[in-house]
1. In nm, give the distance between the simple-model label positions of PHE251 and ASP53, each being 7 Å from the Cα along the Cα-to-Cβ direction.
2. Identify the residues of region 51-80 with backbone N under 18 Å of a label point that sits 7 angstrom from the Cα of LYS87 along the Cα-to-Cβ direction, or state none.
3. Could you work out how far the C-alpha centroid of region 205-230 sits from that of region 47-108, in angstrom?
4. Using the beta-carbon distance between ARG179 and VAL127 and R0 = 22 Å, what value does 1/(1 + (r/R0)^6) give for FRET efficiency, to the nearest 0.05?
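Where a number appears in this text, it was derived from the coordinates with a stated rule and is not lab data. For clarity, every value in this text was computed on a predicted model and none was experimentally measured. Cβ placement follows ideal geometry from the backbone for every residue including glycine, while neighbour counts extend to all protein chains displayed.
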Amino acid sequence: MKIKDLIVVVFLTSILLSCSKKEIKQTEIVEKSLESQVLAAYEEGMRALNENDVIYAAKKFNEAEILFPQSTWAPKSALMASYSYYKQDYYGDAIAELKRFLKVYPKHKNISYAYYLLATCYYEQIVDEKKDLESIQNAKKTFEILIDKFPNTEYSLDAEFKIDLINDILASKEMYLGRYYLERKKWIAAINRFRNVVDEFDQTIYTQEALHRLVEIHYIIGLEQEGKKYANLLGYNYQSSIWYEKSYSIFNKMYEENKKKNLKNTKKSNIIMRKFKSLFD
């Protein structure tokens, strides 16, 4: 290569390196400028949140996320927007934000908190267990996901406690319907509801009554052996329960009624026999 050509190559290389350095520097300036804007929006959101202006706070957190989605502040901002709505009981908005967070930032270090907050939003929407079935089911499902995915987090213990409360709510709903059918003598429908409590919610406070109701109904419809099965189960697990005493009284009642019936039949038979014998005297 001639010296002249070498000089040209060196010159062009220096220009390219210079341009490359300028582009890198410009990118750094832009990123630094964006990050400062993100930080300013985030801090403004925090001030608004502390002043209970949650709508404006959520707006600023969303703005911080949109300004620089690649920054570490973006997921923090998205989560804070969710919390802002939750703090003021805007559960629908909080749920929408949290679902988006789980989809956009599935690997974020605070993902367990996002699941916990989402489940809590569903849980807080439960007002009437007879009507809010969707919220109840969503809360239970999300708490179960949290326990399954993050069993060793600080949120899993509270999730287990909340699931116990939800199971009590669901069992209460089943008992309400079971009693409703029982009063109207819809035996099969009532049995299905009480069985559901025994099979699905056996750790709740309603299990004892459900077992007693099954004893009661099966005796009413003449399936005494099936009734005894539930009575034995009730006696084995809850012998000191008032519901076992009630079931036991059904046994005694049936025994006394059968005894009286047998005695009456025996007397009737003896009278007939005496009258029959008198015909030949």
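1. For PHE251 paired with ASP53, the spin-label model returns 7.1 nm.
2. Residues passing the 18 Å test: 51-65, 74-80.
3. First find each Cα centre; the distance between them is then 52 Å.
4. Working from the Cβ atoms, E equals 0.55.
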